[in-house]
2 protein chains.
Amino acid sequence: MVRMVRVSTRDEILRVAGEQFARVGFKGTSLQDIAVEVGCSKAALLYHFAGKEQILLALVATAEAALTGLLADLDGLDAPAAQALAIERFVDLVLEFRREAALVYEVVPQFHSEPAFGTVLAEADKLCVLITAGSEDPAAIIAAQTVLHGIVNVAIDDKWDAAELRPALLRVARRALITTPHHDKD
Amino acid sequence: MVRMVRVSTRDEILRVAGEQFARVGFKGTSLQDIAVEVGCSKAALLYHFAGKEQILLALVATAEAALTGLLADLDGLDAPAAQALAIERFVDLVLEFRREAALVYEVVPQFHSEPAFGTVLAEADKLCVLITAGSEDPAAIIAAQTVLHGIVNVAIDDKWDAAELRPALLRVARRALITTPHHDKD
DNA sequence: GTCTATATCAAGATAGAC
DNA sequence: GTCTATCTTGATATAGAC
């Protein structure tokens, strides 16, 4: 009932490609590299996906679905509550989808032409607004972007495990971003 | 006396390559792309530099020299003073060498095999230690890396100018990283 | 110091066998 | 569903003219 003995080749491709895209970039990863690590041929890759870019799209779709869910949960809350929850949920999201998060924040911006990535970038922007509690102050926006990018960057490398990262990232994000006097500790 | 009318082709190559490497990555930038923007031929590029990788090395050398100077200035200070100054000087350094900083923190780590980059990575680590005030606490190290990476990432994009970024980055870095009760405001 | 070839190689992608 | 060719393109790099 564990159903992990034999993952589908398609899922295996996504796993390997996600890891390599996040580590050495989209252009830095060749189909050859992915095929070798998956243990199949380039042609087998291209049976499962219509091209390298389609692999990236599939990975980003995963991240986008999760991000959409997060935004839906924050909808309707007042600004301070949304900010606090946004920080916590964002950290959890990044820890769950480490590689996909790195893709959204680092490789997707390089494809600004591609309309398929428009929605996920717009959602990342929305999240940033919620985390600044809607502030128009450039300093607040810069602070939020600094922390969001920093979190994603740190989460990429496998030096730290999620159990260590979670409290540390929550702490730094709250100290840096939450302006109200309460909630500064936990 | 302005001496900006005609920069050398070599400097122009470095400027353009630095911008493109930071924006779309090392692998994502072709000699063709650089040559077009510089307004010369690929062959002219390869007259000035022995290869694409040599251009990257020259850019990183600039960043490394600045980083070495920064570390020398911090040498001998006690931990809290070194931490405060490290934060301020790091922000100034990143703003002065935006693209080079992005290279050190994002593309150089992908060349972990290359021994030529060993020293600059070691120096970036030293800086991280100074900024944690020597703490062994994983949470402190994670916080420092989060902020350092975040600062570099935000500084890459030209949406903000240095005058706006400097106070905002200093503020977020201090709030996130300085543990002593004083100095939390300025 | 810069350009016009051109060599060489690896990448993404396709066709068709198994 | 996966493999063995093979095609096409574009990238780095070299040689030699100007």
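Every read-out reported here was derived from the displayed coordinates using simple, explicitly stated rules and does not represent laboratory data. Remember, predicted model here, so these are calculated numbers, not experimental data. Please note: Cβ atoms are built from the backbone with ideal geometry, for glycine as well, and neighbour counts cover all protein chains shown.
Side notes on the structure shown:
- Angle in degrees between helix A:118-131 and the longest Cα principal axis of chain A, rounded to the nearest 10: 30
- 7 Å along Cα→Cβ, label-point gaps from B:D33 to other copies, nm, shortest first: 1.5
- Acute angle (nearest 10 degrees) that the helix B:162-177 long axis makes with the longest principal axis of chain B, alpha-carbon atoms: 40
- Calculated FRET efficiency for the pair B:D78/A:T179, C-beta based, R₀ 22 Å, to 0.05: 0.10
- Other residues whose C-beta falls under 13 angstrom from the C-beta of A:L130 contribute a net charge of -4, scoring Lys and Arg +1 and Asp and Glu -1.
- Remark on segment A:6-57: ratio of C-alpha radius of gyration to 2.2 N^0.38 Å is 0.98.
- A Gaussian network model of chain A, with springs between Cα atoms under 10 Å, assigns the largest mean-square fluctuation among A:V108, A:V91, A:V154 to A:V154.
- Once the Cα atoms are used to define both axes, helix A:138-156 deviates from the longest principal axis of chain A by about 40 degrees.
- Between copies, the label points at A:P115 (set 7 angstrom from Cα along Cα-to-Cβ) are spaced 5.3 nm, reported in nanometres from shortest to longest.
- Cα-Cα pairs of segment A:5-115 separated by more than 20 Å (percent): 47
- In segment B:16-99, the chymotrypsin sites (Phe, Trp or Tyr not before Pro) that fall in loop regions by DSSP, at most 10 other Cβ within 10 Å: none
- Three-way shape label, the protein assembly as shown, alpha-carbon gyration tensor, a/c 1.5: oblate
- Take A:G134, push a point 7 Å out from Cα through the beta-carbon direction, and compare it with the same point in every other copy: 4.8 nm, smallest first.
- Modelled FRET efficiency - R0 22 Å, A:V129 with B:K159, Cβ distances, 0.05 increments: 0.90
- Ranked from largest, the principal axis spans of the Cα set of chain A equal 57, 38, 29 Å.
- Using a Förster distance of 30 Å, the FRET efficiency for B:T119-B:D92 (Cβ separation, nearest 0.05): 0.90
- Across chain A, Cα pairs under 8 Å and at least six residues apart give a relative contact order of 22 percent.
- Chain A's nearest residue to the axis relating it to B, judged by Cβ and reported with the distance in whole Å, is A:G150, 1.
- Between B:V36 and A:A43, the distance separating the two model label sites (each 7 Å from Cα on the Cα→Cβ line) works out to 3.4 nm.
- Cα centroid separation, segment A:97-174 to segment B:11-32 (Å): 25
- Each Lys or Arg adds one and each Asp or Glu takes one away; over the other residues whose Cβ falls under 12 Å from the Cβ of A:T119, this sums to -3.
- Cα-based Lys proximity count in segment A:41-186, under 29 Å, for pairs eight or more positions apart or on separate chains: 5
- Mean Cα-pair separation over length for segment A:115-182, i.e. relative contact order, pairs under 8 Å, 6 or more apart, %: 31
- Debye, to nearest 20: dipole size of the protein assembly as shown, +1 on Lys, Arg Cβ, -1 on Asp, Glu Cβ: 640
- Residues considered: B:G134, B:G76, B:G25. Largest GNM mean-square fluctuation over chain B, using C-alpha springs under 10 Å, is found at B:G76.
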